[in-house]
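Down below is the structure, laid out as structure tokens.
The values are calculated or read from the model by the stated rules, or taken from the named source; none is laboratory data. Quick caveat, the model's predicted, so the values are computed rather than measured. Positions of Cβ are generated from backbone atoms using ideal geometry, with glycine treated the same way; all protein chains shown enter the neighbour counts. Surface accessibility is based on the protein's heavy atoms, side chains included, excluding ligands, DNA and RNA. Shrake-Rupley method; radii C 1.70, N 1.55, O 1.52, S 1.80 Å.
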Amino acid sequence: MRSLLGGVPHEINIPEIRNEILILDFVDKIIDFHVWEEGPNTVMASCHLDVKGEASTSLIQTIFSVHGITHSTIQFNHCKA
């Protein structure tokens, strides 16, 4: 039933992922972050961040991948220095 409702898989540690994103030098703030299960082998994430300087989606995708997130959408708001 959790999968039908798009719940967070039990093995996904949301606080740990948030902390790993926040320690990246270019991340100023997490505006919005959601993780849900779309099917048996599909874990999705949506992440909206305030960033400064050169931001890297590939670093965030690597964090997601290490935690079993297979698909993601990442949005940056570039903060003024």
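Data table
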| quantity | calculated |
| --- | --- |
| Enumeration of residues in region 35-54 that are open to solvent by 30 Å² or more (accessible area, probe 1.4 Å) and either touching a residue at least 60 places away in the same chain (Cβ under 8 Å) or not charged (D, E, K, R) (or both) | 36, 40, 41, 42, 44, 46, 48, 53 |
| Qualifying residue in region 9-32 (condition: open to solvent by 50 Å² or more (accessible area, probe 1.4 Å) and touching a Gly at 6+ places or on another chain (Cβ under 7 Å)) | yes |
| Flag if residue 17 is part of a helix (DSSP H, G or I) and either in contact with a Cys (Cβ under 9 Å, 6 or more places away or on another chain) or modelled with pLDDT of 95 or more (or both) | yes |
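Conditions tested, residue by residue: (1) at pLDDT 95 or above; (2) in a helix (DSSP H, G or I).
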{"site": "32", "(1), (2)": "yes, no"}
{"site": "37", "(1), (2)": "no, no"}
{"site": "48", "(1), (2)": "yes, no"}
{"site": "55", "(1), (2)": "no, no"}
{"site": "60", "(1), (2)": "yes, yes"}
{"site": "64", "(1), (2)": "yes, yes"}
{"site": "75", "(1), (2)": "yes, no"}
{"site": "81", "(1), (2)": "no, no"}
